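Colleague: Dumping the structure here so I can ask a few things about it.
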Amino acid sequence: MATVTFEKVSKKFGSFTAVNDVSFDIPEGAFVCLLGPSGCGKTTTLRMIAGLENPTSGTIRMGGRDVTREAPRQRDVGMVFQDYALYPHMTLSENIAYPLKVRGQDKASRSERAKEVAERLQIGHLLERRPAEISGGQQQRSSVARALVHTPQVFLFDEPLSNLDAKLRLEARSFIKHLQKEVGVTAIYVTHDQSEAMALADTIAVMDKGEIVQMGPPLEVYRQPATTFVANFLGSPPMNLLAAVVEMEASPVITGEGFRLTLPKAWSKRLEAGQKVQLGVRPEHMLIADNSDSNAIHGSLYAVEPLGPESLVTLQVGDRLVTARLFGDEEPQLSGEVALRPDPDQLHLFRDSGELIR
């Protein structure tokens, strides 16, 4: 396993900047997810680590060694692609052993190694089949086996679960996390699925427009999003965001369409009268309140979604939808006007420009 370091790395395609001045340091054995929407630069970042793309500027290091201009085969990485990239005319044994063939190992030793890795991933009984003859989950494991067969310094995953159905995706997610911890190889995983990133990673790097907006442990990024972009992207449902204006009284008050909330006094030093802000509150930090509650968000019922152990209650508040996550297996009986009371200790305030007010 090896460290992976980016030092002011940028990548341009003509006049378009796909990755802009990105720096990070990933320690040995870490599991890092690059998370963001399509076009944010996460796959381009991964491809530069693999050596499939050369940076326009900056330095890439692995294990302290400058690999910026090295070819992929010199970097000792194993990569699992979204479409698994298995050769259809080869058996699984031949597919898994292919990296060893490229490295010049003899047929007997590479077959033995392929069998060993396949058994570990519980696909040893499929080695003589071709990719078209096995399931999507088995193809995914075969692709991981091929990446693992030569014990790489770094694992690279490019949205490897997106082609699987929901049940297989959950099984494969647990398998990948267990395998990475067992083998101890540094892993970098690209996804647009925030629940996947939260479940797998030691560290999440949220990307937008070619830049890392926030990087840290999953729960830290979830609980303290640095910007409204992170707040809105991380979480299912995402954080509720509502425009507000600050009033300074004995305690600060924020007002917006459908609410007038008194904040804890601790906010006094961080706010000023007339300041425009965005109120952020996670769905799980709100409860149903009485319609007479003055310290609540008021709106008309839009939808109730019972999900078994919890229900989502959504209100129409002006031109925004506000969602609360209510725990319990009974569907809330609501209609007409509804009030949601946020936990005052769980409120987030962002500047009008989107940055968290700390």
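Colleague: Which pairs in the list Lys107/Lys181; Lys8/Lys101; Lys8/Lys42; Lys8/Lys181; Lys42/Lys115 are over 27 Å apart, alpha-carbon to alpha-carbon?
Modeller: Beyond 27 Å between Cα atoms: Lys107/Lys181; Lys8/Lys101; Lys8/Lys181; Lys42/Lys115.
Colleague: Once the other residues with Cβ under 15 Å from the Cβ of Leu326 are scored (Lys, Arg +1; Asp, Glu -1), what is the net sum?
Modeller: -4
Colleague: How much length, in nm to one decimal, is gained on full extension between Phe175 and Ala71, taken as 0.36 nm per residue of separation minus their Cα-Cα distance?
Modeller: 34.5 nm
Colleague: As a test, work out the antiparallel percent of DSSP beta bridges whose residues both lie in the stretch 116-218, rounded to the nearest 5.
Modeller: 50 percent
Colleague: Express in whole angstrom the spacing between the alpha-carbon centres of the stretch 83-129 and the stretch 135-193.
Modeller: So the two Cα centres are separated by 16 Å.
Colleague: Something else about it: Taking R0 as 35 Å, what's the FRET efficiency between Lys265 and Leu312 from their Cβ-Cβ distance, rounded to 0.05?
Modeller: The formula returns an efficiency of 0.60 here.
Colleague: If ligands, DNA and RNA are left out, what is the accessible area of Leu148 with a 1.4 Å probe, given in Å² to the nearest 10?
Modeller: Near enough 10 Å² of accessible area.
Colleague: Moving on to the next point. Taking only the alpha carbons of the chain, what extent do you get along each of the three principal axes, in Å, biggest first?
Modeller: That gives 78, 47, 34 Å along the principal axes, largest extent first.
Colleague: If you don't mind, another one. Between Leu321 and Arg358, what's the calculated FRET efficiency when r is the beta-carbon distance and R0 is 25 Å? Round to 0.05.
Modeller: The formula returns an efficiency of 0.35 here.
Colleague: Then there's this: Using a 1.4 Å probe on the protein chains only, how many percent of the accessible area of the stretch 178-267 belongs to carbon and sulfur?
Modeller: C and S fraction of accessible area: 53 percent.
Colleague: If you don't mind, another one. Which percent of Cα pairs goes in each bin when the distances of the stretch 28-110 are cut into 10 angstrom slices starting at zero?
Modeller: 14, 37, 34, 14, 1
Colleague: Calculate the tail of P(r) for the stretch 48-92: the fraction of all Cα-Cα distances greater than 12 Å, expressed in %.
Modeller: Numbers: 649 of 990 pairs.
The share of Cα pairs beyond 12 Å in the stretch 48-92 comes to 66 percent.
Colleague: What whole-number distance in Å separates the alpha-carbon centres of the stretch 204-229 and the stretch 293-344?
Modeller: What the calculation gives is 27 Å, centre to centre.
Colleague: A follow-up question, please. Need one number: nm distance between label points at Ser162 and Glu182, each 7 Å from Cα along Cα→Cβ, rounded to one decimal.
Modeller: Output for this residue pair reads 2.7 nm.
Colleague: Let me ask another. Nearest 500 deg cm²/dmol is fine: what mean residue ellipticity at 222 nm does the chain get from its DSSP H runs of n ≥ 4 alone, each adding -39,500 (n - 2.57), divided by its residue count?
Modeller: Computed mean residue ellipticity for the chain: -7000 deg cm²/dmol.
Colleague: Taking the convex hull of the Cα atoms, report for the stretch 83-208 its projected area averaged over all directions, in nm².
Modeller: Hull-based average projected area comes out at 8.0 nm².
Colleague: Hey, another quick one. Could you please report the charge total around Gly51, scoring K, R as +1 and D, E as -1 over all other residues with beta-carbon less than 15 angstrom from its beta-carbon? Can you show the working numbers first?
Modeller: Working: positive: Lys11, Arg47, Arg61, Arg65, Arg69, Arg73, Arg75; negative: Glu53, Asp66, Glu70, Asp76, Asp158.
Every neighbour counted, the sum reads +2.
Colleague: Please give the contour-minus-distance gain from Glu133 to Leu287: 0.36 nm per residue of separation, less the Cα-Cα distance, rounded to one decimal in nm.
Modeller: So the chain would gain 50.3 nm between Glu133 and Leu287.
Colleague: Consider all pairwise Cα distances in the stretch 181-273 and report the whole-number % of them above 23 Å.
Modeller: 43 percent
Colleague: How many Å² of accessible area per residue for the stretch 48-125, probe 1.4 Å? Don't skip to the end; give the middle numbers.
Modeller: Working: 4090 Å² over 78 residues.
In whole numbers, the stretch 48-125 has 52 Å² accessible per residue.
Colleague: Can I ask one more? Any chance you could tell me what percent of the C-alpha pair distances in the stretch 282-340 go past 15 Å?
Modeller: Distances greater than 15 Å cover 43 percent of the Cα pairs.
Colleague: Next question. Considering the options Thr56, Gln194, Leu356, tell which one lies farthest towards the positive end of the dipole of the chain, charges being +1 on Lys and Arg and -1 on Asp and Glu at the Cβ, about the Cα centre.
Modeller: Thr56
The values are calculated or read from the model by the stated rules, or taken from the named source; none is laboratory data. The structure presented is a predicted model; accordingly, all values stated were derived computationally and were not measured. Quick reminder, even Gly has a Cβ in these numbers, built from the backbone with ideal geometry, and neighbours come from all protein chains shown. Side chains are part of the model used for accessible areas, which takes the heavy atoms of the whole protein and leaves out ligands, DNA and RNA. Shrake-Rupley method; radii C 1.70, N 1.55, O 1.52, S 1.80 Å.
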